[in-house]
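Just below is one structure, and these are the notes that go with it.
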Amino acid sequence: MGKVPMRAWLVFCIFVLSAIAFLDRTNISIAGPQISSEFGLGNVRLGWVISAFLVGYAASQVLAGWIAVRLGPRRALALAVLWWAAFTLGTALVSPRWNEALWLLIGVRFALGVGEAIMYPASNQFVAQWIPARERGRVNGVIFAGVGAGAGLTPPLLAAIIAGHGWRAAFWFSAAVGIVAGVAWYLIARDTPEGHPLVSAEELREIRAGMVEVPAVRASVPWSAILRSRTLLLLTFACFCFGYIAWIFLGWFYLYMAQARGVDLKTSAIYTMIPFIAMTVFCLAGGVLGDWIAARHGLRTGRCVPGFFSLLVAAGLLILGSRVGSAPVAAVTLAAGAGVLYISQSSYWSVTADIAGQHAGVVSAVMNMGAQIGGAVTASLTPWIALRFGWTSSFLVAALLGVAGAIAWIGVDPETKIGTALSAGRAEDRNAARA
């Protein structure tokens, strides 16, 4: 058996950071009943607290992408993880006896979102600089499997800590894990394969041979081309739909099973694991599937087919799962919908690396802003719809967005780099003017 390449170890490290990121962002959902009771919130105001994270996350995406490009993935991720730890701890320090405690909670969670915004733009910058194009689908599948792993381990682990030591102890635990991981990443990682002392000459040749483009210099960010890219606009809308659906599970599934399906909180925590296990498995499978299809039928088919069908099938399963009478059957059906949704996860990020090259951090940040806006909308809108029209209607709205997002994937073109079509159009205009 050959030596494990250094890039594989670093991908595993980012998988761990991804899991910690989702531990830190979903712990509020598991502690939600206790926090709501202690602070006298109710579901709607608890939704404001959850949305605050996502608003901070979405608002900071472009800045986070720029920081990822300027600092490089090593320093950007290390600083970000320490930031998460600080504001995760800050959540636990807010007291209900303080004046405006609700707004302090909202402010702390907003700040946490600002810090977490850099996670995936920085990881995509790493992918663009370290990972050959033929491996990007499965590598992104591994990285985003951390979403399911982190969010999936959160319910039973934090529920046990909360039961024994109170909800604040769960946040202390989350912060401690982040500090250790941030320091470890900084010691292990480097921004480029050339700068890592443990990358062999053979691995370096393999990496560079598989790159679509190797920039000689760091160019300024082509904002005009980025904002006029049809592929990026469609991808961002599809990502909005993806984020809306995903955050029903990340933000509300635990309470949905407890309130709408009538199961106790311990059983709800167990049921809540199922979607995240499905996310992890299907995310890995989606990355492998995308690379396999791309190798046989071209990059566009390999990226867009998983994106299209995952949203479409997930929409159908959301409708079906919300209407069945049995709580276990509903949990499994909805979990299947969450899992199928995550087949497309690596496609989103692989396309941005494909079309953006050295600007992958910024371009992926613009796309991911769509997902976080979708998450922020669902975090507040879902409990409101559930209160007014019932939980079934909440899932129906998500399903309709799933269909819309699937249609958007039809127009995505991962084979045309940002700026190429714009430059070609300008050349045609110049030629026509000369004629």
For this session: Looking only at the stretch 257-316, count how many residues are open to solvent by 10 Å² or more (accessible area, probe 1.4 Å), in a helix (DSSP H, G or I), of a type in the set (A, V, I, L, M) and under 14 Å from A331 (Cβ atoms).
Result: 6
Exercise. Counting only residues that are open to solvent by 30 Å² or more (accessible area, probe 1.4 Å), in contact (Cβ under 8 Å) with a residue 40 or more places away in the chain and assigned to a helix (DSSP H, G or I), how many does the stretch 1-12 have?
Worked result: 2
Exercise. Can you spot a residue in the stretch 405-413 that is surrounded by fewer than 18 Cβ atoms within 10 Å (Cβ to Cβ), at pLDDT 90 or above and either of a type in the set (A, V, I, L, M) or part of a helix (DSSP H, G or I) (or both)?
Worked result: yes
Seminar exercise, completed: A careful count of residues in the stretch 40-66 that are β-branched (V, I, T), in contact with a Gly (Cβ under 8 Å, 6 or more places away or on another chain) and farther than 20 Å from A260 by Cα gives 1
Exercise. How many residues, within the stretch 327-356, are within 23 Å of R138 (Cβ to Cβ) and among the β-branched types (V, I, T)?
Worked result: 5
For this session: Could you check, for the stretch 216-223, whether at least one of its residues is at pLDDT 75 or above, farther than 20 Å from P383 by Cβ and part of a helix (DSSP H, G or I)?
Result: yes
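The values are calculated or read from the model by the stated rules, or taken from the named source; none is laboratory data. These numbers come from a predicted model, not from an experiment. Because the Cβ atoms are built from the backbone with ideal geometry, glycine has one as well, and the counts that use them run over all protein chains shown. Surface areas here come from the heavy atoms of the whole protein model, side chains and all, with no ligands, DNA or RNA. Shrake-Rupley method; radii C 1.70, N 1.55, O 1.52, S 1.80 Å.
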